[in-house]
Amino acid sequence: MSAQSKSGYWPRIDTCDSPRFRGALWALMLLGEMAAIPDSPIKKECERFLNLHQTGSGAFSYDSRLKVSTQHDEPCLTGNMARTLIVLGYDEDPRVKKAVDWMPEAQFEDGGWNCDYPEFEGVPVKHSSFTSTIEPLWAYSEIPRQKWTRSIKRSVERAAEFLLMHRLYKADHHNWIPMNPRFTTLHFPMYYYYDTLHGLRVLSKLGYADDERMRDAVHLILSKRNPDGRWVLESDWFNELGESTRWLSNKPGEKTHEPTDPWGNSIARWSRFDLEPVGAPSKWVTLNCYRALSLTGDLDPSKG
């Protein structure tokens, strides 16, 4: 919270995404993961996000209205921030409900979502991505089942099927090998990325704990448990995703400088938030493993 500007927001004001790991998007997602109490400064930032980043369709856009005249609907951002806003107390807000109502409209024929649509590097995008699909599902998982509309129920079923047909982390057309090495690594916080534990946690909460296609993921997570019953934080996104995530230049021949937003406010006070050291037993990862595996029936929290 101390990283907010004197005006009470996380710079920059023209986008929620940049600087990566420091902008409003990242701070709000992390606060949601930590189940922060939505006090006045947090609610003020939630209101600013809704006022500046919601498009006419109900979806959310990374670019602020202060930056562009035409905003782009983003399913990753919409799912992630709908989930974040719900857990921060906006579950009955009509603006959040409008975002949730938009999500089924953006689903692909295969049941998932892809934020690279309509094309990636000049190639048309026709297949959903795990990362884009888990975000709307995460939002749905925070909505009580009795409040699901028919549209939400159908959307959940289609998206869950997309992940389940891949056993949560495998390529169905390549002899069921892991789709991506990062998918089998344990992370926290998740932000808007994907790993197998994240998929297992969300789908279990959505009611798919007993689906046989979850078992490969269950066995993978159980295999990573230490003899003392804890799990290790195996990686973090800041280091894993490479130099593109480092907003202070550290390339040979370039001087490191303190970045500022267009209004001259420093954005270097908080580069990222290291909750726990990588490579050590993690309370957060262990908690999420228990959340998922208690629902699948593979761990009994009362027995430790």
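Can you sort MET34, MET1 by solvent-accessible area, 1.4 Å probe, largest first?
MET1, MET34
Pop a pseudo-label 7 angstrom from the Cα along the beta-carbon direction at both ASP274 and TRP148 and give the gap in nm to one decimal.
4.1
Tell me the Rg and the Dmax, in Å, that the Cα atoms of the chain produce.
19.3, 59
Over the range 1-62, what is the relative contact order in whole percent, taking alpha-carbon pairs under 8 Å and six or more residues apart?
That works out to 24 percent.
Whose amide H sits under 5 Å from the amide H of TRP113, counting only residues 5 or more places off or on another chain, with H placed in the peptide plane?
PHE108, SER129, THR133
Subtract the Cα-Cα distance of SER57 and LYS98 from 0.36 nm times their separation in residues, and report this length gain in nm to one decimal. Working shown, then result.
Working: separation 41, 0.36 × 41 = 14.76 nm, distance 0.79 nm.
Answer, rounded to one decimal: 14.0 nm.
If I take every Cα pair under 8 Å that is 6 or more residues apart in the chain, average their sequence separation and divide by the length, what percent do I get for the relative contact order?
Details: 450 pairs, mean separation 46.7, N = 304.
Relative contact order, the chain: 15 percent.
Taking H placed 1.01 Å from N in the peptide plane, check which residues at least 5 places from LYS170 or on another chain put their amide H under 5 Å from its amide H.
Close amide H contacts, sequence-distant or interchain: MET179.
For PHE60, enumerate residues with amide H under 5 Å from its amide H, sequence gap 5+ or separate chain, H modeled in the peptide plane.
THR55, GLU74, THR78
Residue-wise, which Karplus ³J(HN,Hα) couplings in Hz belong to the range 12-29, taking 6.51 cos²θ - 1.76 cosθ + 1.60, θ = phi - 60°, and x for glycine or proline?
Result, ordered by residue: 9, 7, 8, 7, 8, 8, 9, x, 4, 6, 10, x, 4, 3, 5, 5, 5, 4 Hz.
Within the range 1-69, which trypsin sites (Lys or Arg not before Pro) sit in a loop by DSSP and count at most 16 neighbouring Cβ atoms inside 10 Å?
LYS6, ARG65, LYS67
Apply the Karplus curve 6.51 cos²θ - 1.76 cosθ + 1.60, θ = phi - 60°, to the phi angles in the range 145-153 and return the couplings in whole Hz, x for Gly and Pro.
4, 5, 9, 5, 7, 4, 5, 5, 4
Taking a 1.4 Å probe, which of HIS127, HIS53 shows the most accessible area, and what order do the others take after it?
HIS127, HIS53
By the gyration tensor of its Cα atoms, with a ≥ b ≥ c the square roots of the eigenvalues, what is the shape of the range 62-141: rounded for a/c under 1.5, prolate for a/b over b/c, or oblate?
Judged from the Cα gyration tensor, the range 62-141 comes out oblate (a/c at least 1.5, b/c at or above a/b).
If eta is 1.567 mPa s and T is 4 °C, what Stokes-Einstein diffusion coefficient results for the range 45-178, Kirkwood Rh from Cα pairs, in µm²/s?
So the translational diffusion coefficient is about 84 µm²/s.
What FRET efficiency, computed as 1/(1 + (r/R0)^6) with R0 = 45 Å and r the Cβ-Cβ distance, is obtained for ASP300 and ASP110, rounded to the nearest 0.05?
After rounding to 0.05, the efficiency reads 0.80.
At a Förster distance of 25 Å, what's the computed FRET efficiency of ASP91 paired with GLU161, Cβ-Cβ distance as r, to 0.05?
0.45
Structure shown: which of LYS170/LYS205; LYS67/LYS153; LYS44/LYS97; LYS97/LYS170; LYS98/LYS283; LYS43/LYS147 lie over 26 Å apart, alpha-carbon to alpha-carbon?
Table pairs above 26 Å Cα-Cα are LYS67/LYS153; LYS97/LYS170; LYS98/LYS283.
According to the square roots a ≥ b ≥ c of the eigenvalues of the Cα gyration tensor, what is the shape class of the range 158-212, taking rounded for a/c under 1.5, prolate for a/b larger than b/c otherwise, and oblate for the remainder?
Oblate, because a/c is 1.5 or more while a/b does not exceed b/c.
Name the GluC sites (Glu not before Pro) in the range 77-156 that are in a loop by DSSP and that have at most 14 other C-beta atoms within 10 Å, would you?
For GluC sites (Glu not before Pro) across the range 77-156 that sit outside H, G, I, E and B with at most 14 neighbouring Cβ atoms in 10 Å, the list reads GLU92, GLU109, GLU121.
Over the Cα atoms of the range 1-110, what Rg and Dmax result, in angstrom?
Expressed in Å, the Cα Rg and Dmax of the range 1-110 come to 13.3, 46.
The values are calculated or read from the model by the stated rules, or taken from the named source; none is laboratory data. Note that this is a predicted model, so its numbers are computed, not measured. Counting neighbours? That spans all protein chains shown, and the Cβs are built from the backbone with ideal geometry, glycine included. Heavy atoms of the whole protein, side chains included, go into the accessibility calculation; ligands, DNA and RNA do not. Shrake-Rupley method; radii C 1.70, N 1.55, O 1.52, S 1.80 Å.
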